[in-house]
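> Quick one: structure below, then a few questions.
The values are calculated or read from the model by the stated rules, or taken from the named source; none is laboratory data. Just so we're clear, the structure is a prediction, and the values are computed from it rather than from any experiment. When we count neighbours, we look across all protein chains shown, and the Cβ atoms used for this are built from the backbone with ideal geometry, even at glycine. The protein model used for the area step is the full one, side chains on, heavy atoms only, and it has no ligands, DNA or RNA in it. Shrake-Rupley method; radii C 1.70, N 1.55, O 1.52, S 1.80 Å.
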Amino acid sequence: MPSLSDAIKSQAHQLGFELVGITPATKAPTHTSFLDWLDQGYAGEMAYLEKYKEARSNPESILPGVKSIIVLGISYHQPAFRKVPVSPLHGKVASYALNTDYHELLWKKLNSLSAWLNEQQPAANTRGVVDTAPLLERDFARMAGLGWFGKNTMLINKHFGSFFFIASMLTDVELEYDPPHVPSHCGTCTACLDACPTQAFPEPGKLDATRCISYLTIELRGAVPDQQKKDINHWLFGCDICQDVCPWNRKAPAGKEPALLADQQQQSGTINLLELFTYSAEQWRSRFRHTALWRAKRNGLLRNACLLLGNEQNAEAYALLKKAMMDEDAGVRDAARWACRRIETKQKQPASLEAG
């Protein structure tokens, strides 16, 4: 007869999780490093990290009496994704954000796993966590044997690469534990560090979020500093660069959860930038409410769209950008003014200079 731990793993696989490991609910091993990272200012404006920094030291802050953490992984890898060139009037979207909001999907699966465990252990207390609770989830994923920390700070699994979401279920039931993943398999490879266009990694395994394209396009509110406006390049929301170049993702299998994968119409992984300026409030809600892009809100996406169009210096967008200069949001107005100046500068250049 299988143990409860084995039965949990079997049930998790039936729910669609490709990776499952179980670890004791100890103090987070990298909490001191996390505090140092905060002290260095690498979190930028992500004040919630500072606010709950002490709570992240121990999973007891999430579930009192917790003994075990079931760590789960579900792939969103799409090997054939984004094979067509990006149009100048389209913005790239990180591959995890092109379909259903992963929070909603994972919480539903965690609730199902919790209900199943309560059938087996009626007195069990559980709490499902995705990435909105104060848990240093990579710590416990490594401790549960799911992978190692790559030089780009992502958790990497030898079979599934790094294109997977981590979810955790905390419980006060004592279970059988998996051995931690100890070795790193990055070797001398620095592909992720070398490919980062903003040099967001001051050293291997450490991310300066304030230089990261994902931070600039999602977490940063208001105006993007002038010296970083060009940094986001073609990215409207998030960035996949450091994962795209990772050798461990080259042979990773495709994800199997349809709700996490782009459909045929989304295979370019882009969004039409000009259309964003025409959306009504209801259209914004209908289009983005149940996707990860909702986190950036209308103001963030429009600000980013202005910057992308400014980077392209495409005259076709000029009229919409001029109108956006009167937007209700200061960040959008700032980005629109910058973009208009970029287009005006290009229009004034002699053809010989422009060609060069």
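> Among the numbered conditions (1) within 23 Å of Tyr48 (Cβ to Cβ); (2) assigned to a loop (DSSP other than H, G, I, E, B), tell me where Pro179 comes up short.
Every listed condition holds for Pro179 apart from (1).
> Moving on. Tell me, please, whether a residue that is under 30 Å from Gln313 (Cα atoms) and either at pLDDT 95 or above or not charged (D, E, K, R) (or both) can be found in the range 11-26. Don't jump to the end; show me each part of the working.
To start, the set of residues in the range 11-26 that are under 30 Å from Gln313 (Cα atoms) comprises none.
No, every residue in the range 11-26 fails to be under 30 Å from Gln313 (Cα atoms) and either at pLDDT 95 or above or not charged (D, E, K, R) (or both).
> Need pairs with beta-carbon distance below 6 Å; first residue under 23 Å from Lys158 (Cα atoms) and within the range 1-20, second at pLDDT 95 or above and basic (Lys, Arg); sequence gap 6+ or separate chains.
Leu15/Lys109; Val20/Lys9
> Name the pairs whose Cβ atoms lie under 8 Å apart, with the first residue in the range 185-208 and on the phi < 0 side of the Ramachandran plot and among the hydroxyl-bearing types (Ser, Thr, Tyr), the second surrounded by 14 or more Cβ atoms within 10 Å (Cβ to Cβ) and in a loop (DSSP other than H, G, I, E, B), and 6 or more positions between them or separate chains?
Correct list of pairs: Thr190/Lys151; Thr190/Pro204; Thr198/Cys212; Thr198/Asp231.
> Mind listing whichever residues of the range 272-322 are of a type in the set (A, V, I, L, M), out of contact with any helix residue (DSSP H, G or I) (no Cβ under 7 Å at 6 or more places or on another chain) and more than 20 Å from Arg221 (Cβ to Cβ)?
Ala319
> Sticking with this structure for a sec: Any chance the range 6-16 includes a residue that's assigned to a loop (DSSP other than H, G, I, E, B) and under 23 Å from Phe165 (Cα atoms)? Can you show your working first?
We begin by selecting, within the range 6-16, every residue assigned to a loop (DSSP other than H, G, I, E, B); these are 15-16.
Add one more test, that the residue is under 23 Å from Phe165 (Cα atoms), and what stays is 15-16.
Among the residues of the range 6-16, at least one is assigned to a loop (DSSP other than H, G, I, E, B) and under 23 Å from Phe165 (Cα atoms), which makes the answer yes.
> Further question: Hey, can you tell me all the residues within the range 119-144 that are open to solvent by less than 50 Å² (accessible area, probe 1.4 Å) and either farther than 22 Å from Leu155 by Cβ or of a type in the set (Val, Ile, Thr) (or both)? Steps first, answer last, please.
Step one: filter the range 119-144 for residues open to solvent by less than 50 Å² (accessible area, probe 1.4 Å), giving 124, 126, 128-130, 133-137, 139-141, 143-144.
Once the filter is applied, which keeps residues that are open to solvent by less than 50 Å² (accessible area, probe 1.4 Å) and either farther than 22 Å from Leu155 by Cβ or of a type in the set (Val, Ile, Thr) (or both), the range 119-144 yields Ala124, Thr126, Val129, Val130.
> Identify, please: which residue in the range 265-309 is small (Gly, Ala, Ser) and closer than 27 Å to Pro79 by Cβ and is, among those, surrounded by the fewest Cβ atoms within 10 Å (Cβ to Cβ)?
Ser268
> So which pairs qualify, if the first residue must be in the range 323-342 and without any contact (Cβ under 8 Å) to a residue 60 or more places away in the chain and buried (at least 16 other Cβ atoms within 10 Å of the Cβ), the second must be among the aromatic types (Phe, Trp, Tyr) and part of a helix (DSSP H, G or I), the Cβ gap must be under 8 Å, and the two must be at least 6 apart or on different chains?
What qualifies is Cys340/Tyr318.
> If we keep just the residues of the range 88-118 that are open to solvent by 40 Å² or more (accessible area, probe 1.4 Å), in contact (Cβ under 8 Å) with a residue 12 or more places away in the chain and out of contact with any Leu (no Cβ under 9 Å at 6 or more places or on another chain), which is nearest to Ile8 (Cα to Cα)?
Asn111
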